[in-house]
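To start, the structure itself, in structure tokens.
The values are calculated or read from the model by the stated rules, or taken from the named source; none is laboratory data. Not measured: the values here are computed from a predicted model. Here Cβ is always computed from backbone atoms with ideal geometry, including for glycine, and neighbour counts include all displayed protein chains. Ligands, DNA and RNA are stripped out before the accessible areas are found, and what is left, the full protein with its side chains, is counted by its heavy atoms. Shrake-Rupley method; radii C 1.70, N 1.55, O 1.52, S 1.80 Å.
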Amino acid sequence: MHRLQLFIHRSAPVPLRSTSLYSHLWQHARFKTQGPTEQYGLKRFSTAEATVETSDPARMREKTLTMATLNPQVKAVEYAVRGPIVIKAGDIERGLQQGVKQPFTEVIKANIGDAHAMGQQPITFVRQVVALCCFPELLDSPTFPDDAKQRAQRILQDCGGRSLGSYSASQGVECVRKDIADYITHRDQGVPSDWNNIYLTTGASDGIMSILKLLVSGQGRSRTGVMIPIPQYPLYSAAISELEAVRINYYLDEANCWALDIEELQRAYLTAKEHCQPKVLCIINPGNPTGQVQSKKCIEEVLHFAYEENLFVMADEVYQDNVYSSDCQFHSFKKVLYEMGPEYFNNVELASFHSTSKGYTGECGFRGGYMEVLNMDTQVMAQLVKLLSVRLCPPVSGQAAMDVIVNPPREHEPSYAQFTKEKSSVLDALAHKASLTEQILNSVPGIKCNPVQGAMYAFPQIFIPPPAIQEAQSLSMAPDMLYCLKLLEETGICVVPGSGFGQKEGTYHFRMTILPSPEKLKVLLEKLKEFHLRFLEEYSQPEPQITSQGQHREMSKQPD
């Protein structure tokens, strides 16, 4: 008997021109059959080695799932952070490994906030506790400190069969939820947190999607509208597309360090009311991709607006540990809401999100996270638990990692000194790289970068000369996509075009992470500087000035 053989065809690395970028990048694999086939009557239906007759195309069954029958909401989903530019970067990287000559020796992926992929070392205590949970036999090892062992034993006691391999409750391991509630109470200087309002999630993204599923309903003008900041993290626009909700853009003020303007919120809300029912207000603080940290006064205004307009607030606070500017401080939405008084605190519906993936730990692969939900209707909360139970539970190893982040070593414990040193080292390095990035980018004519106050990214505005804009339009791509593609092809630097996050019309940006090591970040920024100057020269435009309104005009040799 000849088995059906499937071969994945991969083209040899070849230079990819911009014109074919989209059509080529999304088609990586083709399947084909090879070798003769035979008919075995009924026997072939009773064996795993059933064959397929391919010699007669007329006998091939039409596929049930094609691009024509695919869920249109899936086709509408876009996710720039892992989009075409990143796929092209992977192709180039594989080519380098196979000996293909390029004008650079490595691809520097500055497209995503993946700390460990950029060389950041794990926090020892986090890994010790998770290792002990995964392999309890290590509890007898003298290599591990007692405080790590105590935490691991406590987590395992709440796991079925004392094993991390068992399912947890859909809401998460009970002791982890209680530790999170204690952490929030301490973070918010005594504002109470009820562990029954805590839900463990598969990263923050899982929680965000779950809450949106509860909120989206209606048809036509009654369809749920979701207010999101522009620029935004593409998870939000992707989720809105998938759920067929109505996207309501409100623009952050780039001229004012990406501040959130309450008048802009009101404009977006009133405009949207004409064609949908705005129900949800999403905030990212500190900002992604913009790196701003919202002031307490701004948060108060936002919460007052949500109270007046009866909006459900979703506060994405995964970068709460990533604040670098001495003039800024993280204020949780919950704490500010509490300080506004019981009328607000007991009424505004709020879901806030955190994650293992960011902060000082950068443990993206564990996919740990949580959400705290306030003032949700009790019957709706039962529906939330039902929805979460469909996916059984988030990864229990990620829950363990989340527990260590909210329950780190105390001052009297043996791991405290090393933990504090490692945490400070990571955050101090990020603060230095945030300042370095802003400084070097602002030294380049035609690039303007707001201060990176927090998070892990810079989102500079770039001048693109009219001839380059025209070339991009002739290739049916956004001008900043053309810019980022040329940057990748000429330097090996992979960043994400601002059009993937949203931006005001007539302005162009890219997002880059500040996570590479200081040495590699300097190389990246210098290469980017050289590229930008070549880019301006290639398209023969005078160097630009970026006005306070974010618009461009020609300027002399000196940048503003």
### Query
When only residues in region 122-147 that are open to solvent by less than 10 Å² (accessible area, probe 1.4 Å) and in contact with a Leu (Cβ under 6 Å, 6 or more places away or on another chain) count, which is farthest from LEU392 (Cα to Cα)?
LEU132
### Message
Looking at region 139-152 only, could you name the residues that are part of a helix (DSSP H, G or I) and in contact with a helix residue (DSSP H, G or I) (Cβ under 7 Å, 6 or more places away or on another chain)?
### Response
LEU139, ALA148, LYS149, ARG151, ALA152
### Query
Does HIS532 satisfy the condition of being of a type outside the set (Val, Ile, Thr) and within 22 Å of the chain's Cα centre (by Cα)?
no
### Query
Being β-branched (Val, Ile, Thr), open to solvent by 10 Å² or more (accessible area, probe 1.4 Å) and closer than 21 Å to LEU164 by Cα, is that true of even one residue in region 340-359?
no
#### Entry: region 495-507, residues that are farther than 11 Å from PRO231 by Cα and crowded, with 23+ Cβ neighbours inside 10 Å
VAL495, VAL496, PRO497
### Query
Any residue at all in region 391-399 that is in contact (Cβ under 8 Å) with a residue 12 or more places away in the chain, out of contact with any helix residue (DSSP H, G or I) (no Cβ under 9 Å at 6 or more places or on another chain) and either surrounded by 24 or more Cβ atoms within 10 Å (Cβ to Cβ) or assigned to a loop (DSSP other than H, G, I, E, B) (or both)?
yes
### Selection status of GLY220, open to solvent by 20 Å² or more (accessible area, probe 1.4 Å) and modelled with pLDDT under 95
yes
### Residues within region 424-450 that are under 22 Å from the mean Cα position of the chain (by Cα), assigned to a helix (DSSP H, G or I) and not hydroxyl-bearing (Ser, Thr, Tyr), tallied
8
### Query
Which pairs do you get when a residue that is farther than 12 Å from ILE462 by Cα, found in region 495-521, comes within reach of a residue that is among the polar types (S, T, N, Q) and part of a loop (DSSP other than H, G, I, E, B), reach meaning Cβ atoms under 8 angstrom, with the pair 6+ apart or on two chains?
VAL495/ASN111; VAL496/ASN111; PHE501/GLN232; GLY502/GLN232; MET512/ASN111; THR513/ASN111; LEU515/GLN120
### Message
Please count how many residues of region 508-538 are open to solvent by less than 20 Å² (accessible area, probe 1.4 Å) and farther than 29 Å from VAL426 by Cα.
### Response
4
### strands (runs of 3 or more DSSP E) within region 241-326 that include 1 or more residues closer than 23 Å to MET209 by Cα, open to solvent by 40 Å² or more (accessible area, probe 1.4 Å) and modelled with pLDDT of 90 or more
246-251, 277-284
### Message
Every residue in region 178-192 that is open to solvent by less than 20 Å² (accessible area, probe 1.4 Å) and either modelled with pLDDT under 95 or outside any helix (DSSP H, G or I) (or both), please.
### Response
ASP188, VAL191
### Summary
Among helices (runs of 4 or more DSSP H) entirely within region 70-138, at least 2 residues that are under 30 Å from SER415 (Cα atoms) and either at pLDDT 85 or above or of a type in the set (Ser, Thr, Tyr) (or both) occur in 124-134
### Summary
Per the filter on region 110-125, residues among the β-branched types (Val, Ile, Thr) and in contact with a strand residue (DSSP E or B) (Cβ under 9 Å, 6 or more places away or on another chain) are ILE112
